[in-house]
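Quick notes on the structure that follows.
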Amino acid sequence: MPDTAKAGFMQRQYEFAAHIRDPEHKRAPDNIEDRRMGIYRELFYNNIEGFLSNSFPVLRTLMDDHSWHAMARDFYARHQCHSPLFLEIPREFLNYLQQERSDRADDLPFLRELAHYEWVELALSVAEADDAENRGRETDFTAPGGDLLDAIPVVSTLAWPLSYRYPVHKISPEFIPATPAEQTTYLLVYRAPDDEVGFIELNPVSARLLALLQEDTKLSGRQALEQIAAELQHPNPDVVIDGGRQILQEWQQRGIVLGMITSHQGTQTTKETA
């Protein structure tokens, strides 16, 4: 194909795609029947909009048709996706909300937080586990017996801590908060061994415990809880340690804690019982 013909063909492709993405502002290529263009306009948009509706069901339920379709069409027209995979569309939509979309008068105040929470469930359901890497930290990885306090709990890489200003896990058509909660909402979203995605609402202590175990893979359960007790200036650290033991046991039952490392080079773990 001659260069001039190739350039002309590419130009028509750009015009065709631009019109499908934004028919209100981009004219269709010349000499193409509008009825035919309409089929493409409807087909392409409906595919994207349907995927968004299925990926963000709570958000879709809370928005009226006009507001929802206006947002979906703005995303469709303006956002430049960086992946051809349909499973990446929710991530691209979240990027659009967080980085490109300006606030609108009729936006839900928790729009971005709710979208993130709904995206996490999908992302975690298809995430690849790195637990083999966890097991490679030490040869003395054991599951599931042993003492979670005196050993080093191994937290699954499919356990994701989240924090929000709004209680996003409770939002529904029956509960639409107008202002942020007085306290931060801490959540732990995880994928269990049976591949089911679940969540646990955390309090500040359990949220801190999870953060410490994920940040420092050399801490025993007891060391992490002793640090929390010191941070809280708790008058009776054993209360914090006993409560932490119960938290770790529940996490192990749910597959959030995979097992434990009973020895670690250079790390001393106490053998006292709470």
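Of all residues in region 69-87, those satisfying the criterion of being under 19 Å from LEU108 (Cβ atoms) and in contact (Cβ under 8 Å) with a residue 12 or more places away in the chain are HIS69, MET71, ALA72, ARG73, ASP74, PHE75.
Here's the yes/no breakdown for (1) farther than 27 Å from GLU118 by Cβ; (2) under 25 Å from the mean Cα position of the chain (by Cα); (3) among the hydrophobic types (A, V, I, L, M, F, W, C):
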| site | (1), (2), (3) |
| --- | --- |
| TYR14 | yes, no, no |
| PRO29 | yes, no, no |
| ARG35 | yes, no, no |
| TYR40 | yes, no, no |
| PHE44 | no, no, yes |
| GLU49 | no, yes, no |
| LEU59 | no, yes, yes |
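Each row is one residue, and each column tells you yes or no for (1) closer than 24 Å to VAL168 by Cβ; (2) touching a helix residue (DSSP H, G or I) at 6+ places or on another chain (Cβ under 8 Å).
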| residue | (1), (2) |
| --- | --- |
| PHE199 | yes, yes |
| ASN203 | yes, no |
| LYS218 | no, no |
| GLN227 | no, yes |
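The conditions of being outside any helix (DSSP H, G or I), over 22 Å from GLN249 (Cβ atoms) and in contact with a helix residue (DSSP H, G or I) (Cβ under 7 Å, 6 or more places away or on another chain) are met by TYR166.
Could you please find all residues in region 93-120 being surrounded by 17 or more Cβ atoms within 10 Å (Cβ to Cβ) and acidic (Asp, Glu)? If the condition is that a residue be surrounded by 17 or more Cβ atoms within 10 Å (Cβ to Cβ) and acidic (Asp, Glu), then GLU113, GLU118 are the ones that fit.
Residues that are modelled with pLDDT of 95 or more, crowded, with 16+ Cβ neighbours inside 10 Å and either touching a Gly at 6+ places or on another chain (Cβ under 8 Å) or hydrophobic (A, V, I, L, M, F, W, C) (or both) occur at least once in region 163-170. Evaluate region 234-250: report whether one residue or more is surrounded by fewer than 18 Cβ atoms within 10 Å (Cβ to Cβ), at pLDDT 95 or above, of a type in the set (A, V, I, L, M) and within 22 Å of GLU201 (Cα to Cα). Yes, some residue in region 234-250 is surrounded by fewer than 18 Cβ atoms within 10 Å (Cβ to Cβ), at pLDDT 95 or above, of a type in the set (A, V, I, L, M) and within 22 Å of GLU201 (Cα to Cα).
For region 30-70, filtering for residues that are among the charged types (D, E, K, R), surrounded by fewer than 13 Cβ atoms within 10 Å (Cβ to Cβ) and assigned to a helix (DSSP H, G or I) leaves 5.
The values are calculated or read from the model by the stated rules, or taken from the named source; none is laboratory data. The structure displayed is predicted, hence computed values, not measured ones. Methodologically, a virtual Cβ is constructed for each residue, glycine included, from the backbone with ideal geometry; neighbour enumeration extends over all protein chains shown.
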